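Notes for the one structure printed next.
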Amino acid sequence: MADKQETTQYVPDDSLSSVSAAGGNGYSENTHSTNTDGVNTNSEKRVFTLEDIKKQERANRAMFWTMIRGAVIRRRSRAAMAIIASLVGAATLFVLIMVCLVVPAQMTEEMRAYGANLVVTSNQTGVTENGIQKDMVEHTTEMMTATGFSQTHATYRYETVRVNSASYQMAGIDSSEVKSMNQFWDVTGQWPTKTNQVLIGTDVAERLSVKIGQSITVGYVDDNSTGTILDTDGTRMQIVGTVSTGGNEDSMLYVTTDTLNKLTGKERGVDAIEYSSQATGDDLTKLVNNINDMRSMNVTAQAVSKISTANASIITMLTTLFWIISIVIVALTLVGVSTTMTSIVSQRRNEIGLRKALGASNRSIAVEFYVESALYGVVGGILGVLAGVGVSEILITTVFDRAVELNVWIMLVCVAAASLIAVVASIIPVHKASQINPAVVLREE
Amino acid sequence: MATNEILLHLDHVSKIYGDLHALDDVSLSVPRGQWLSIVGSSGSGKTTLMNIIGCLDSPSQGEVALQGRNVEHLRERELADVRKNVVGLVFQKFYLVQHLTAVENVMAAQYYHSVVDEKQAMEALRQVGLEDRAHHLPSQLSGGEQQRVCIARALINCPEIILADEPTGNLDEANEQIVLDLFKNLHEQGTTIIVVTHDSTVAGQAQREIMLNHGKLVGEKWNDQEARERFEELVQSDDSIAPVHEAEFADPTKSAKDTIDSSNFEQA
């Protein structure tokens, strides 16, 4: 601002500046400053170099920000009002987005981890006559990953066993595989990891009237055997846990593959592979078709949906709710910020009138106010998002019992929305204010 | 030639609000460099006249010419241009931007006019004797100091006319004198000064006084006979110029008596 400009120096002596012919406007106007040091007294038409003009533009830009700074910093209480309005809006918006957008998204993701979305079963013929052998499991898994979607899988070998003269389905599993695949299984006690440990469904436990820690005798029902229901031979197995899912699992028994091999006295491939793939929709259908087209594999692939329709509709409801609430909040914020801006602008009617009397155009007044509003919006938005992070973290961890994943984009969107709302809200009051007739304002007592 | 000498010319100007004639058929010519006072009681139309001269308002009837240019048909933006280039305004209530310092207030006028130059702004403040108060907010300045900031602001763009509405209305005698001295300096520099006032001391400083009553120009008085003679020569050379209003203030219209110290005028 204090750039040295010899040519536009003000009258240096005691005399007030004299008046020369007025006319035109813009930069040439400065020629009216009479320079009495005798150097430029006749410079009616001063030539401005490009550098001079740049310097002048810089000086005016600096003045613009000086005025904005003055308005913001020296009118703290008003600025605080506008900032708080934006802050509340941004914070509410952020918390809403976090709760209603992120939570359903996380729920969807977690539900997808609820078991498999693709099941491969053996056709019991050809290469899978004795179940799906290990190399075939690997081959199928390769087909799954070849599409670019990550997957987890669990294998099952099913056999019919007899406990206390009743038949049950027993599955030989790898506990860690099944556990990670089916995180929603409600398991009490332990998973079977050692030989002759068994995890039983809650229905089974009820029918047998057994508890964790007790033992049961499990007999293998061989298709070719001549055993009768009176046959009480079998292997003693220790119940290490019970499982409850509300599904078929409740009437199953789970042991390690090793235990099942020993019980049946023979090794064979698995009967089913459950895949949990990241692929969804059409991609998943394509995968299913690919596997089924490979007839030589003698397996059947099938897409299964474990996210129930009810769950999906809850998510839709939450999302709809989010939109409705957000629109209401945005509208309320708009009203709040708009009221604040209106009051700020109306308090500055005299100032606006004065600026107009000094020759300010409507546009330059509007720009000043919009920039000021945008500043309030940005500052309020940033503070609001910070507050929102705190609130949503508390809310989501305590109420929804979920971890918060902070999303920078959502933060930016909230700050941008707050600024936009602040500017939009000030359009009407600023437009009205810039129409003020300076004479009317300045006449007011 | 003669029209160049006339900086401001009002030709049968009226301003009508509903039934109220705030200004009623006022004709007035002000030559360049003249110091003119407009006196009259409250509601006599002084401020309306000032707003019209300052291009803050436009007349309902009649024509206003500044520098020989008719401002009647100018759009708002062009009026704003005239305002910032030709007129420097000084108000009774100062109207400084409260959140800007003294020097920033002066710079704001530069900003809307053309180019901001802090050195010039400081120099203008120095001339009104406020250099050391330049970085104070208006709330930290006395009334007199605020009015001096206003004058510095009005001067900064070197206007043709300084238009002051009751510039000493809120000031004590000492500050009134400072402001009048500043005007005197400006007048000596050749600036045209139009002061609206009902203070006879202030009005008496001018070369010429005109009196308004109920929107009509009812009297005219010259404190500087030399200036009057010059003006009458001008009038003779160009009949478009509004002549001297022959009625003296002592004229029995006397409606202004309640606010104007009439004894002062009778002496004259």
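The values are calculated or read from the model by the stated rules, or taken from the named source; none is laboratory data. A quick note: this is a predicted structure, and the numbers were derived from the prediction, not measured. We place every Cβ from the backbone using ideal geometry, glycine too, and count neighbours over all the protein chains shown.
Candidates A:M341, A:M294, A:M317: the one that is free of Cβ contacts under 8 Å to residues at least 12 places away in the same chain and out of contact with any Phe, Trp or Tyr (no Cβ under 7 Å at 6 or more places or on another chain) is A:M317. Starting from residues that are in a loop (DSSP other than H, G, I, E, B) and touching a strand residue (DSSP E or B) at 6+ places or on another chain (Cβ under 8 Å), keep the ones in region B:29-55 and report whichever is farthest from the other protein chains (Cβ to nearest Cβ). Per the criteria, the residue is B:S41. So which residues in region B:15-28 are of a type outside the set (D, E, K, R), surrounded by fewer than 19 Cβ atoms within 10 Å (Cβ to Cβ) and in a strand (DSSP E or B)? Scanning region B:15-28 gives B:I16, B:Y17, B:L20, B:H21, B:S27. Taking the residues in region A:330-347 that are surrounded by fewer than 23 Cβ atoms within 10 Å (Cβ to Cβ) and not β-branched (V, I, T) as candidates, determine which candidate is farthest from the other protein chains (Cβ to nearest Cβ). Restricting to residues being surrounded by fewer than 23 Cβ atoms within 10 Å (Cβ to Cβ) and not β-branched (V, I, T), the top hit is A:A331. When the residues of region B:150-201 are filtered to those that are of a type in the set (S, T, N, Q) and more than 14 Å from the chain's Cα centre (by Cα), the one that is nearest to B:L96 (Cα to Cα) is B:N170. Search region A:153-162 for residues being surrounded by 16 or more Cβ atoms within 10 Å (Cβ to Cβ) and β-branched (V, I, T), and hand back the single one that is nearest to the chain's Cα centre (by Cα). Going through the qualifying residues, I end up with A:T155. Among the conditions (1) of a type in the set (S, T, Y); (2) in a helix (DSSP H, G or I); (3) modelled with pLDDT of 85 or more, the only one that A:T121 does not satisfy is (2). Annotation: of all residues in region A:208-234 being β-branched (V, I, T) and farther than 12 Å from A:V163 by Cβ, the one that is modelled with the highest pLDDT is A:I212. Among residues of region A:358-369 that are touching a residue at least 40 places away in the same chain (Cβ under 8 Å) and more than 7 Å from every other protein chain (Cβ to nearest Cβ), those with a beta-carbon under 8 Å from a residue that is acidic (D, E) and surrounded by fewer than 20 Cβ atoms within 10 Å (Cβ to Cβ) at least six positions away or on a different chain give the pairs A:N362/B:E76. Among the residues of region A:257-268, those identified as under 14 Å from A:V161 (Cβ atoms) and touching a residue at least 60 places away in the same chain (Cβ under 8 Å) are A:T259, A:L260, A:N261, A:K262, A:L263, A:T264.
If the condition is being facing chain A (nearest Cβ under 8 Å), assigned to a helix (DSSP H, G or I) and of a type outside the set (D, E), then region B:84-120 contributes B:K84, B:N85, B:V86, B:M107, B:A108, B:A109, B:Q110, B:Y111, B:Y112, B:H113, B:K119, B:Q120. Among the residues of region B:37-47, those identified as touching a Lys or Arg at 6+ places or on another chain (Cβ under 8 Å) and either of a type in the set (V, I, T) or surrounded by fewer than 23 Cβ atoms within 10 Å (Cβ to Cβ) (or both) are B:I38, B:V39, B:T47.
Scanning region A:412-421 for residues that are in contact with a Lys or Arg (Cβ under 9 Å, 6 or more places away or on another chain) and assigned to a helix (DSSP H, G or I) turns up nothing.
Is it the case that B:V82 is β-branched (V, I, T) and more than 18 Å from B:T47 (Cβ to Cβ)? Against the criterion (β-branched (V, I, T) and more than 18 Å from B:T47 (Cβ to Cβ)), B:V82 qualifies. B:D238 meets all of the listed conditions (1) without any contact (Cβ under 8 Å) to a residue 60 or more places away in the chain; (2) surrounded by fewer than 23 Cβ atoms within 10 Å (Cβ to Cβ) but one, namely (1).
One residue stands out among those in region B:230-246 that are in a helix (DSSP H, G or I) and touching a strand residue (DSSP E or B) at 6+ places or on another chain (Cβ under 9 Å): the one that is nearest to B:S37 (Cα to Cα), which is B:F231. For A:M170, indicate whether it is hydrophobic (A, V, I, L, M, F, W, C), modelled with pLDDT under 85 and either surrounded by 16 or more Cβ atoms within 10 Å (Cβ to Cβ) or not assigned by TED's automatic domain parsing to the domain that holds A:I216 (or both). Answer is no for this residue. In region A:63-83, of all residues being more than 9 Å from chain B (Cβ to nearest Cβ) and among the β-branched types (V, I, T), the one that is surrounded by the fewest Cβ atoms within 10 Å (Cβ to Cβ) corresponds to A:I68.
For region A:313-348, name all the residues that are over 20 Å from A:A374 (Cα atoms) and out of contact with any Leu (no Cβ under 8 Å at 6 or more places or on another chain).
Answer for region A:313-348, where residues must be over 20 Å from A:A374 (Cα atoms) and out of contact with any Leu (no Cβ under 8 Å at 6 or more places or on another chain): A:S313, A:I314, A:I315, A:T316, A:M317, A:L318, A:T320, A:L321, A:W323, A:I324, A:I327, A:V328.
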